[in-house]
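Q: Dropping the structure in here first, questions after.
The values are calculated or read from the model by the stated rules, or taken from the named source; none is laboratory data. Predicted, not measured: the structure shown is a model, and the values here were computed from it. Cβ atoms come from the backbone with ideal geometry, glycine included; neighbour counts cover every protein chain shown.
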C-alpha cells in the first residue's frame, strides 16, 4: 500500500471514530461530523416537536434561543475519561507520524504535552481533566459523538438524557442551527482550540456557542461565572482550527482550504465581538468578574435619607438567586434587598467608591486605546489596597480580547473542492443527494459518509480498522471473560442499534456502553474479542439472509440483523 493510500485509510477510519486527536490531525473531519449530523433524521425530527411550533415566524435570534433551550433540556456535557477508554501517547504518536511530527504535535495538542497559556500551567492541566490518576503517557480517546451516539447516552448508567463533549456539542449545535433555526451555513464557523470547541455565528453583534449554552456580546462582558467560563478558551488559547462550509484553516498546516474572504469576515466580526468600550456598567461587570478586586471597592447608597456605604463584595453577594444586579437599572431594587445593618454610616478609608468611578467614566468617555486616558483612569483606581497598574492591565484585557486566529501570512489558500452549496430550504433528502453528487470532488463530503457510518455507502475496511484498533472499553471490561460468557452477555443486550436507519452501524464500544446492538454489531464485537484475545485465527463475519454469523477456530455465534446490508464476508483479524 502506498503512503498516500495509508494516509487516506487512516483518515477514513478516523472519520468513523472521530476522537479529538484525530480531528486535530485531520481537520477536515470537524466539518464532516457536522455534515453527518445534517444527514441524520434525528435533528430533522426536532422540527416536529411542539417546542418549535411557529419557529419560522420568529426572528433569527429568537429562533436560536429557542433551540438553545431545547439542547439544554435534552443534552448534558460529558467529559468522562472512561466513556471511550484510554490509549497512550506513544501509540498515537506512532500512528500519526506519517502525517505530523511528534514535536509539532506536542506543541499544539493538549493530549500530547501542550498546556497553553500561563492559565493552564496554573490549574495543572492533567489534574483539571482527571489525567493525573494515570501515568504521564496515558491519554483518553475522547471520541466525538454523532447525534445518535449523543442521544444514546440515556441508555448508559448514570445518565438520564443525551450527552457529549465540546466538539460533539459544537457539531450538534451547528447542524441544528441550520436545520431548525434556519441559519445559513455560510454564517456558522466552528472554532477549535487545543482544549475546547465552540461556534461563532454571524448574526447581529455575533453569538458564540459554548457547550450547551449561547453567549452574546453583552453576556461576554457581563462578568458572571458563566461568561468567565465561556471566555477561557479565546482568552488563553490559540485557535487551532477554523472550519466552515468553504473549507478549513489549521494553525499547523501551511495549506488552507477556507475561502479567504470568509476567513477575513470571521476575523473582523469576531474581533469586534471581543471588544467593548468602557462604560459605568462595564466597570461594574469587570469587578463582578474579578472578585479579588471587590475588597477594594464600596458602594455609596442613601438609606432613610442618609448616605451610607456597603462593601462591594456584599452588594454582589445579593445578586445570587436574584434577578436584580449591581450594574444596571435594577440596582435600586437590589439595594432594597440588603439588610439595613450591613450598611456603614462611615466611609471605608481604604476603599474606592464605585459610584464616583462610574461618574468619572460617564463624564469622560475613557478610550482604552489612548495612553493618556489610561493614565488619568489609573488615578481613579488609586487606593491603599489596589495596585493600579495590575488593575488597569486586567481591565484592558477584560474589555479587549484579541483572538489568536491562525496566521494567514504563513498559509497558502488552495481550495480544490466542489462547493457544498447546501442552503436553507433544502430537505434532508436534497442535502444527502447533494453530498452524494459531489463526493468525488469534495473530500469533506466524502468523509462525511464515513462519519455517518452507512456501510452501504462506504468501504468497510476503514470501519473495521477502527473497530479492531480503537474500542478498548469492552476489552477492558471483559478481560477475564470467556468467549461463552461474552456470547451469553451479548444475547442479553437489547436487539436494536443506536442508529435507526438501515446500513448504519455502531462501533463495538458503543454497543457495549449503551447495552444494545443489531446482530451485525454484536457479531463484530464478538469477533474482535476473539481476535484481540488470540482465541482464534481467520476470524470472519458473514452477513446474509438476515443473519450475521461470526466464525473463528472452535468458536462461532450468530444473531439476526435488520440492517439490510448486502451479502458479504468481513475478515476481522486484518485487512
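Q: Select the helices (runs of 4 or more DSSP H) contained entirely in the range 78-156, then report the ones holding at least 1 residues which are outside the structural domain of residue 517 (by TED's automatic domain parsing), farther than 30 Å from residue 511 by Cβ and at pLDDT below 70.
A: Counting at least 1 such residues, we get 102-108, 118-123, 125-128.
Q: A follow-up question, please. Could you tell me which residue of the range 370-389 is surrounded by the fewest Cβ atoms within 10 Å (Cβ to Cβ), considering only residues that are modelled with pLDDT under 90 and in a loop (DSSP other than H, G, I, E, B)?
A: That would be 384.
Q: Which numbered condition trips up residue 296, out of (1) surrounded by fewer than 20 Cβ atoms within 10 Å (Cβ to Cβ); (2) modelled with pLDDT under 95; (3) more than 21 Å from residue 24 (Cα to Cα)?
A: (1)
Q: Turning to a different aspect of this structure: When you look at residue 243, is it touching a residue at least 60 places away in the same chain (Cβ under 8 Å), touching a strand residue (DSSP E or B) at 6+ places or on another chain (Cβ under 8 Å), buried (at least 19 other Cβ atoms within 10 Å of the Cβ) and farther than 26 Å from residue 49 by Cα, yes or no?
A: yes
Q: Return yes when residue 266 is touching a residue at least 24 places away in the same chain (Cβ under 8 Å), surrounded by 20 or more Cβ atoms within 10 Å (Cβ to Cβ) and within 28 Å of residue 378 (Cα to Cα) and no when it is not.
A: Here the answer is no, as residue 266 does not meet what is asked.
Q: Hey, among the residues in the range 461-495 that are under 20 Å from residue 566 (Cα atoms) and within 28 Å of the chain's Cα centre (by Cα), which one's surrounded by the most Cβ atoms within 10 Å (Cβ to Cβ)?
A: 467
Q: Those residues that are in a loop (DSSP other than H, G, I, E, B) and over 27 Å from residue 25 (Cα atoms), I need them from the range 203-231; list them, please.
A: Scanning the range 203-231 gives 203, 204, 205, 206, 221, 222, 223, 224.
Q: Sticking with this structure for a sec: Go through the range 426-444 and count every residue that is without any contact (Cβ under 8 Å) to a residue 60 or more places away in the chain and either surrounded by 11 or more Cβ atoms within 10 Å (Cβ to Cβ) or part of a loop (DSSP other than H, G, I, E, B) (or both).
A: 12
Q: Could you tell me whether any residue of the range 342-354 is under 26 Å from residue 227 (Cα atoms), surrounded by fewer than 19 Cβ atoms within 10 Å (Cβ to Cβ) and not assigned by TED's automatic domain parsing to the domain that holds residue 227?
A: Yes; the residues of the range 342-354 include at least one that is under 26 Å from residue 227 (Cα atoms), surrounded by fewer than 19 Cβ atoms within 10 Å (Cβ to Cβ) and not assigned by TED's automatic domain parsing to the domain that holds residue 227.
Q: Further question on the same structure: Please count how many residues of the range 48-73 are over 25 Å from the mean Cα position of the chain (by Cα) and modelled with pLDDT of 95 or more.
A: Looking only at that region, the number is 8.
Q: While we're on this one: Scan the range 445-458 residue by residue and report those that are more than 15 Å from residue 543 (Cα to Cα) and assigned to a loop (DSSP other than H, G, I, E, B).
A: 453, 457, 458
Q: Restricting the search to the range 553-564, which residues are touching a strand residue (DSSP E or B) at 6+ places or on another chain (Cβ under 7 Å) and either crowded, with 21+ Cβ neighbours inside 10 Å or at pLDDT below 95 (or both)?
A: 557, 559, 561
Q: Does the range 471-481 contain at least one residue that is outside any helix (DSSP H, G or I), out of contact with any helix residue (DSSP H, G or I) (no Cβ under 9 Å at 6 or more places or on another chain) and under 23 Å from residue 143 (Cα atoms)?
A: The initial filter retains those residues of the range 471-481 that are outside any helix (DSSP H, G or I), namely 471, 478-481.
Checking the rest, the ones that are also out of contact with any helix residue (DSSP H, G or I) (no Cβ under 9 Å at 6 or more places or on another chain) come to 479-480.
Applying the additional criterion that residues be under 23 Å from residue 143 (Cα atoms) yields 479.
Yes, that holds for at least one residue.
Q: Among the listed residues 174, 163, which satisfies the condition of being buried (at least 24 other Cβ atoms within 10 Å of the Cβ), modelled with pLDDT of 95 or more and in a helix (DSSP H, G or I)?
A: Checking each option against the conditions leaves just 174.
Q: Does the range 484-495 contain at least one residue that is assigned to a helix (DSSP H, G or I), touching a helix residue (DSSP H, G or I) at 6+ places or on another chain (Cβ under 6 Å), closer than 26 Å to residue 91 by Cα and at pLDDT 95 or above?
A: Within the range 484-495 (the criterion being assigned to a helix (DSSP H, G or I), touching a helix residue (DSSP H, G or I) at 6+ places or on another chain (Cβ under 6 Å), closer than 26 Å to residue 91 by Cα and at pLDDT 95 or above), the answer is no, since none of the residues qualifies.
Q: Between 392, 335, which is surrounded by 13 or more Cβ atoms within 10 Å (Cβ to Cβ), closer than 16 Å to residue 276 by Cα and either free of Cβ contacts under 8 Å to residues at least 24 places away in the same chain or in contact with a strand residue (DSSP E or B) (Cβ under 6 Å, 6 or more places away or on another chain) (or both)?
A: Details: 335 fails: closer than 16 Å to residue 276 by Cα.
Result of the check over 392, 335: 392.
Q: Sort through 41, 102, 50 and tell me the only one that's touching a helix residue (DSSP H, G or I) at 6+ places or on another chain (Cβ under 6 Å), farther than 16 Å from residue 173 by Cβ and surrounded by fewer than 21 Cβ atoms within 10 Å (Cβ to Cβ).
A: Details: 41 fails: touching a helix residue (DSSP H, G or I) at 6+ places or on another chain (Cβ under 6 Å); 50 fails: touching a helix residue (DSSP H, G or I) at 6+ places or on another chain (Cβ under 6 Å).
It is 102.
Q: So for the range 141-163 (the condition being within 18 Å of residue 22 (Cβ to Cβ) and without any contact (Cβ under 8 Å) to a residue 60 or more places away in the chain), does at least one residue qualify?
A: no
Q: Only one of these conditions is not met by residue 446: (1) more than 24 Å from the chain's Cα centre (by Cα); (2) assigned by TED's automatic domain parsing to the domain that holds residue 14; (3) at pLDDT 95 or above. Which number is it?
A: (1)
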